[in-house]
1. I'd like the FRET efficiency for Ser183 and Leu238, computed as 1/(1 + (r/R0)^6) with the beta carbon distance as r and R0 of 25 Å, rounded to 0.05.
2. Quick check on my link table: of Lys136/Lys186; Lys135/Lys155; Lys133/Lys241, which ones sit more than 19 Å apart, alpha carbon to alpha carbon?
3. What residue among Ala38, Ala146, Ala25 shows peak mean-square fluctuation when the chain is described by a Gaussian network model with Cα springs under 10 Å?
4. Taking the Cα atoms only, what angle lies between the long axis of helix 36-46 and the longest principal axis of the chain, rounded to 10 degrees?
5. Taking 0.36 nm per intervening residue step and subtracting the Cα-Cα distance, what contour gain separates Arg69 from Thr85 on full extension?
6. I need the phi-derived Karplus couplings for the range 223-229: 6.51 cos²θ - 1.76 cosθ + 1.60, θ = phi - 60°, integer Hz, Gly and Pro marked x.
7. What is the Cα coordinate range of the chain on the first, second and third principal axes, sorted by size from largest, in whole angstrom?
8. If packing is taken as the average count of other Cβ atoms within 10 Å, what order do 235-246, 203-214 fall into, highest mean first?
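The values are calculated or read from the model by the stated rules, or taken from the named source; none is laboratory data. In this text, all values refer to a predicted model and were calculated from it rather than measured experimentally. Cβ placement follows ideal geometry from the backbone for every residue including glycine, while neighbour counts extend to all protein chains displayed. Only protein heavy atoms, including side chains, enter the accessible area calculation; ligands, DNA and RNA are left aside. Shrake-Rupley method; radii C 1.70, N 1.55, O 1.52, S 1.80 Å.
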Amino acid sequence: MPPSKSPATNPQLRATKPPATKLNAVIGYPLEHSLSPAFHNAIYQQRKLNTIMLAFPHQNITEVVSALRTFQVGLTAVTMPHKQTIIPFLNSVDPVAKKIGAVNTVINRNGKLYGYNTDVVGIAAAFAKMKLKNKKVLILGAGGAARAVAYFLQKQRAKMFCTNRTLSHAQKLMKEFGGKAISQEKIDPQAINVIINTTPLGMYPHLEILPLPSTFIQNHHTVFDLIYNPPETRLLRLAKKRGAKIISGMIMFEAQAREQIRLWSGEK
Ligand code: NAP
């Protein structure tokens, strides 16, 4: 039997070279809860973009950025714990992301890395049907996502209150964006219009945890939970039962992911 031809010498294989599939990524650690690959890949397929998003679950940011450059990743969705630590590796950071102090999107343009924060676009989509001016808004948590929320609420001229496990983090956040840090027991639920959960309490797999006592929620509240896995958390189910308006983190997630694709593809 004659030896089989290698791909390099087999003209048939050379002729059928596939078109180069582009690579996008989501980086963070852990990444089990991330819906970014599923959502992005569905959109790429729908729009016939010949691009794939893969998850790079890795803790070392230096190595991750090196891999992004080596593989010429076009769009990178950035999640915890890299949203802040990636900033020194970027060639340029958008002013909104700079003010928030967190980057959740990196676009590679001709080898240069540009950082953005599309969470604000997602938060704006979540409140598309609601005016927040002078509304009293209670933010639960004071981490990275809370910073994007506080930035948005400041622009909307809402009255902000923030409660957090570590009160000093809430104090720092409110000092920066304008509002009051307060321990949860001291807040009168009657005086609050909107509650925004920015903690991971209630996120998969810890579905039964509530970020505040169940008795706090009243029917005049609007409750927005940033968690998108599950799309309807225990907090939102409870709020619905009490007659409050609810907003799912899934609205934010989808809108911020679409904005990532818009930045990368350059579409209007
Ligand atoms: P982060 O920076 O780690 O901040 C987490 C916040 O929650 C901190 O204020 C932390 O308090 C508090 N917290 C954490 N564990 C707690 C616990 N066991 N008990 C009480 N408080 C606790 O995280 P992040 O990036 O802001 O993300 C927070 C959540 O938002 C996650 O569920 C994430 O999936 C979600 N998110 C959703 C979207 C979307 O598109 N829908 C976008 C971004 C984020 P300390 O200050 O005391 O540490």
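1. 0.70
2. With Cα atoms farther than 19 Å apart: Lys133/Lys241.
3. Ala38
4. 60 degrees
5. Extending this stretch completely gives an extra 4.1 nm.
6. 10, 10, 10, 5, 4, 10, 10
7. 84, 37, 34
8. 235-246, 203-214
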